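Reading through the C-alpha cells given below for one structure.
Derivation of every value follows stated rules applied to the coordinates shown; laboratory data play no part. All values derive from a computational prediction rather than experimental measurement. With ideal geometry, Cβ positions are generated from the backbone for all residues, glycine too; neighbour counts draw on all protein chains shown.
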Amino acid sequence: MDQDVVTDRDVETYETDGVVCLRGAFGREWIDLLAAGVEKDIANPGPLHTIQQTANDPGFFLTDFCMAQRLAEFRRFVLESPAGAISQRLMRSRRVNFFYDGLWVKERGTPKRTRWH
C-alpha cells in the first residue's frame, strides 16, 4: 500500500465519524479487476443472490454475497489488493480478518428502494 493513501487525518476522521472517503486508494488495475468480477456475477449469480425487483418493475437491481468464494477476481482483490492494509491502518489494528463480501448492482433509474440502508 502506498503509505500516503491513508493519512493520520483520515484515521482520525474514521475514528470520529465511522467513515472516510479515500479517493484514489485503488489503482485502475483493481477497479478493472472488480468490474470484470461484477460482470461475471451478473451473468452467473451465486446461490445467495437476489433479484430485488419484480418482472414488471423497470430497471435492474441485484444483490449477491460471498463472491470471493467462487470468483477469482473477487478473491484476488480480497487477498492481494491494498484493502486489508488500508483497513488495518484505519482501525489501528495489527490484524484484519475478512468476513464476507457483498455486492449491490442497481441500474440508474431503478425505482426499487434499497433495503437495509
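Identify all residues within region 87-112 that are over 22 Å from residue 21 (Cβ atoms) and surrounded by 10 or more Cβ atoms within 10 Å (Cβ to Cβ); write none if there are none.
The answer is 100, 107, 110, 112.
Regarding region 4-19, can at least one residue be identified that is more than 15 Å from residue 82 (Cα to Cα), surrounded by 12 or more Cβ atoms within 10 Å (Cβ to Cβ) and within 15 Å of the chain's Cα centre (by Cα)?
Within region 4-19, none of the residues are more than 15 Å from residue 82 (Cα to Cα), surrounded by 12 or more Cβ atoms within 10 Å (Cβ to Cβ) and within 15 Å of the chain's Cα centre (by Cα).
List the residue pairs whose Cβ atoms are under 8 Å apart, where the first residue sits in region 46-63 and is on the phi > 0 side of the Ramachandran plot, the second is β-branched (Val, Ile, Thr) and in a loop (DSSP other than H, G, I, E, B), and the two are 6 or more positions apart or on different chains.
Qualifying pairs under 8 Å: 59/110.
Criterion first (touching a strand residue (DSSP E or B) at 6+ places or on another chain (Cβ under 7 Å), surrounded by 11 or more Cβ atoms within 10 Å (Cβ to Cβ), among the aromatic types (Phe, Trp, Tyr) and on the phi < 0 side of the Ramachandran plot) does residue 77 satisfy it?
Details: touching a strand residue (DSSP E or B) at 6+ places or on another chain (Cβ under 7 Å): no; surrounded by 11 or more Cβ atoms within 10 Å (Cβ to Cβ): yes; among the aromatic types (Phe, Trp, Tyr): yes; on the phi < 0 side of the Ramachandran plot: yes.
In short, no.
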